[in-house]
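Chemist: The structure follows.
The values are calculated or read from the model by the stated rules, or taken from the named source; none is laboratory data. What you see is a predicted model; the values in this text were computed from it and never measured. All Cβ positions, glycine included, derive from the backbone under ideal geometry; neighbour counts span all protein chains shown. These accessible areas exclude ligands, DNA and RNA; they are computed on the full protein's heavy atoms, side chains included. Shrake-Rupley method; radii C 1.70, N 1.55, O 1.52, S 1.80 Å.
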Amino acid sequence: MGTEGDPAGVPDGSTLIVKRSNGVQGVDPRTGRVQWQHHSGGPDTSLLTVGPTAVVVMYSPLPGAGTVAATAWDRVTGRKKWSARIPNGSVSVTRRTVVVWGDGALRGFDIGTGRARWAVTASTDAGVGVDSGIAVVKRPEGIAAFDDATGSRLWDAAGVDYFRVQPGSGVVAASRINDPIVRLLDLRTGVIRARLDVPNSEVFALSRRWLVRAGLAVYQGMRADGHVVWSIPKLTGFEGEGGYLVNGDLVTIPDHCQR
């Protein structure tokens with residue numbers, strides 16, 4: 001989701017997307033030149049979600065509303081792809097599908113046309129994680145993974161209360177209430193890759209090589225066998241840190257300074 005004036009992340013170097021109070025802009029990341037823009041006609045409370053090839057805006061979603069108006073634009077050209085009403089919920093945008101979670105269901109809409117393609121039941125008390133064409137969602141008995149284009153179920157994992165999918169990591173971090181063990185599941189198969197003695201609340205970031213644990217005072221980089229390879233002090237003077245892994249190095253990005 002974007003906020004006023006915040007550019008969306010673009011790890012592949014493609015068009016930067018900036019949300020303004022009166023619309024959306026596509027910006028060339030090399031020059032800063034505005035390539036395209038769309039005005040909403042006035043201030044609104046729209047939510048913006050950026051995918052690899054498309055940008056989806058939900059206009060003025062209100063709590064409790066069954067559906068909301070949404071428009072999708074091509075990320076590079078700004079060309080309008082479609083406008084439609086879609087369910088009010090959490091939105092993820094992939095190369096093939098707009099995945100919407102809400103009202104007890106996970107639904108997939110075609111990225112090119114906005115047409116509904118599939119729907120499956122889902123828990124109402126947890127979110128959805130999407131990565132590499134796979135959507136993982138909480139269900140009453142645990143978690144399940146689905147193909148984002150067809151909605152076909154790929155695998156299930158029972159006994160999961162909390163889970164996390166971090167794009168690009170290739171794994172799902174899964175755990176149970178009051179259990180200090182985090183299981184790392186293969187995103188494509190659901191097979192357990194590793195079991196780590198790390199509380200779910202301290203799982204900070206994931207990559208294909210690392211799990212980063214955020215303790216009270218340090219960040220620790222752990223291999224899948226649980227071995228701590230590196231440890232660095234946490235930043236002080238900031239709260240709500242966020243971070244990414246770049247070639248195995250942790251880069252912290254503070255949200256805001258403490259006042």
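Chemist: Does region 158-175 hold any residues that are over 21 Å from Arg95 (Cβ atoms) and either touching a residue at least 60 places away in the same chain (Cβ under 8 Å) or open to solvent by less than 10 Å² (accessible area, probe 1.4 Å) (or both), and which are they?
Modeler: Listed by number, the residues that qualify are Val160, Ala173, Ala174, Ser175.
Chemist: Take the residues in region 97-122 that are open to solvent by 40 Å² or more (accessible area, probe 1.4 Å) and more than 19 Å from Val57 (Cβ to Cβ), then tell me which one is modelled with the lowest pLDDT.
Modeler: Within region 97-122, the match that is modelled with the lowest pLDDT is Asp103.
Chemist: When region 84-114 is examined, which residues are found to be of a type in the set (D, E, K, R) and in contact (Cβ under 8 Å) with a residue 24 or more places away in the chain?
Modeler: At the first step, the residues of region 84-114 found to be of a type in the set (D, E, K, R) are 85, 95-96, 103, 107, 110.
Result: Arg95, Arg96, Asp103.
Chemist: Kindly indicate the residue of region 176-193 that is of a type outside the set (Val, Ile, Thr) and buried (at least 17 other Cβ atoms within 10 Å of the Cβ) and also nearest to Glu141 (Cα to Cα) among those meeting that condition.
Modeler: Gly190
Chemist: State the number of residues belonging to region 146-182 that are within 15 Å of the chain's Cα centre (by Cα) and over 21 Å from Arg213 (Cα atoms).
Modeler: 1
Chemist: Residues in region 77-88: is at least one open to solvent by less than 20 Å² (accessible area, probe 1.4 Å) and aromatic (Phe, Trp, Tyr)?
Modeler: yes
Chemist: Determine, yes or no, whether Ser123 is of a type in the set (Gly, Ala, Ser) and touching a residue at least 40 places away in the same chain (Cβ under 8 Å).
Modeler: Judged against the criteria, Ser123 is not a match.
Chemist: Moving to a separate point now. Checking Val57 against (1) at pLDDT below 85; (2) in a loop (DSSP other than H, G, I, E, B), which test does it fail?
Modeler: Failing condition for Val57: (2).
Chemist: If Ala70 satisfies every condition in (1) surrounded by fewer than 22 Cβ atoms within 10 Å (Cβ to Cβ); (2) modelled with pLDDT under 90; (3) in contact with a strand residue (DSSP E or B) (Cβ under 9 Å, 6 or more places away or on another chain) but one, which is the exception?
Modeler: All conditions are met except number (1).
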